[in-house]
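The values are calculated or read from the model by the stated rules, or taken from the named source; none is laboratory data. These numbers come from a predicted model, not from an experiment. Backbone-built Cβ (ideal geometry, glycine too); neighbour counts: all protein chains shown.
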Amino acid sequence: MNLNREDVNFSARSVIVKGKGDKEREVYFSIRCSLWLQRYIEERKDHDECLFITERRPKKRMSIEIIRYIIKRISIRAAINKEIHPHQLRHSYATHMLNNGAPIEVIQSLLGHEKSETTKIYAQLSGKLRQDFYSKYF
């Protein structure tokens, strides 16, 4: 999570992130996310370059452990009866895109995968959608 405020491109609604092997890729976000992100930045009283910081003093860059903790708290408040991890959000993202008709190549590019086989592990068609495709093509 080494994102800095200057890394955010609000006009393109995107940010450049580094993945495995320090590979860079552009990640996009929605208008709604953009509004919340702008609000978050405007309400901060510090001048730290880090995009996401902890609330405790001294304030410091948010770590993956803190993000895991936040996601756990949110899942408990949402009464989700299973343990949720940040990586599961990638799986959900890929699955939602696939279920909404995105081509596997697009999902592969957005996730930063070199091989489509890796993407296929992430993106799983729902039973209903599989049945619909079967009916459409057979």
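So the values come out like this:
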item: Which numbered condition R57 misses (of (1) assigned to a loop (DSSP other than H, G, I, E, B); (2) within 19 Å of the chain's Cα centre (by Cα); (3) of a type outside the set (S, T, Y); (4) modelled with pLDDT under 90); result: (2)
item: Subset of region 20-47 (residues that are within 30 Å of P58 (Cβ to Cβ) and assigned to a helix (DSSP H, G or I)); result: D22, C33, S34, L35, W36, L37, Q38, R39, Y40, I41, E42, E43
item: Answer residue from region 29-52, given it is under 29 Å from I107 (Cα atoms), free of Cβ contacts under 8 Å to residues at least 24 places away in the same chain and touching a Lys or Arg at 6+ places or on another chain (Cβ under 8 Å) and is surrounded by the most Cβ atoms within 10 Å (Cβ to Cβ) among those; result: F29
item: Residue list for region 1-19, filter: part of a helix (DSSP H, G or I) and either within 15 Å of the chain's Cα centre (by Cα) or over 21 Å from L111 (Cα atoms) (or both); result: R5, E6
item: Exclusive hit being under 24 Å from Y69 (Cβ atoms), part of a helix (DSSP H, G or I) and of a type in the set (A, V, I, L, M, F, W, C), set L98, L89, L110; result: L89
